[in-house]
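A.B. asks: I have a structure I would like to understand better, so I am pasting it below and will then ask my questions one at a time.
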Amino acid sequence: MESVATALRVPLPKTAAEAKAARLDGFQDDSLIMAFVLPTGEVDGFVAGLKPEQPLRLREQPLAASTNKSAPFSQLGLADPDLLAGVRESQVCAPCAGDLNWLQVAVARVDERTSRVYLRGVD
């Protein structure tokens, strides 16, 4: 978990629960994925701290399954945010400082009080 958070340059919030992370080896580039649950009231502040290129935008419908054949978050036992409805998402950086090529954030409600934050980067 810590090595992925360091590579993504994203500190895990102290209030994060159910944190999971992985490095997925690719042919040319490796993917770094991290997901955790935060109280919904803390999500916007966390995302603002990432300084995304654009504000989070709402995607009301799941993406077509054909656009994401790998569903990387399923390897963590999680529903992939591309396959969920009502997800807020944004590009954080592309290119990013350091070894990271790009970083994306997505947020999906878990219940009335919590939301899951998904981070995916490529190095």
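A.B. asks: Report whether or not A19 is part of a strand (DSSP E or B) and either surrounded by 15 or more Cβ atoms within 10 Å (Cβ to Cβ) or in contact (Cβ under 8 Å) with a residue 12 or more places away in the chain (or both).
C.D. replies: Judged against the criteria, A19 is a match.
A.B. asks: So, Q54, is that one under 19 Å from V122 (Cβ atoms) and open to solvent by 50 Å² or more (accessible area, probe 1.4 Å) or not?
C.D. replies: So Q54 fits the description; yes.
A.B. asks: Additional query: Inside the range 22-44, can you point out the residues that are of a type outside the set (S, T, Y) and either open to solvent by 30 Å² or more (accessible area, probe 1.4 Å) or farther than 16 Å from L119 by Cα (or both)?
C.D. replies: Matches in the range 22-44: R23, L24, D25, G26, F27, Q28, D29, D30, P39, G41, E42, D44.
A.B. asks: Sticking with this one: If I ask for residues that are more than 14 Å from V117 (Cβ to Cβ) and either part of a strand (DSSP E or B) or touching a residue at least 40 places away in the same chain (Cβ under 8 Å) (or both), which ones from the range 1-16 would you list?
C.D. replies: A7, R9
A.B. asks: If I filter the range 42-82 down to residues being at pLDDT below 90 and among the hydrophobic types (A, V, I, L, M, F, W, C), which single residue comes out as nearest to R109 (Cα to Cα)?
C.D. replies: Going through the qualifying residues, I end up with L63.
A.B. asks: Among the residues of the range 72-89, is any closer than 22 Å to V4 by Cβ, more than 15 Å from the chain's Cα centre (by Cα) and not aliphatic (A, V, I, L, M)?
C.D. replies: no
A.B. asks: Tally time: how many residues in the range 97-123 are under 19 Å from A22 (Cβ atoms), open to solvent by less than 60 Å² (accessible area, probe 1.4 Å) and part of a loop (DSSP other than H, G, I, E, B)?
C.D. replies: Counting residues in the range 97-123 that are under 19 Å from A22 (Cβ atoms), open to solvent by less than 60 Å² (accessible area, probe 1.4 Å) and part of a loop (DSSP other than H, G, I, E, B) gives 2.
The values are calculated or read from the model by the stated rules, or taken from the named source; none is laboratory data. A quick note: this is a predicted structure, and the numbers were derived from the prediction, not measured. Quick reminder, even Gly has a Cβ in these numbers, built from the backbone with ideal geometry, and neighbours come from all protein chains shown. Heavy atoms of the whole protein, side chains included, go into the accessibility calculation; ligands, DNA and RNA do not. Shrake-Rupley method; radii C 1.70, N 1.55, O 1.52, S 1.80 Å.
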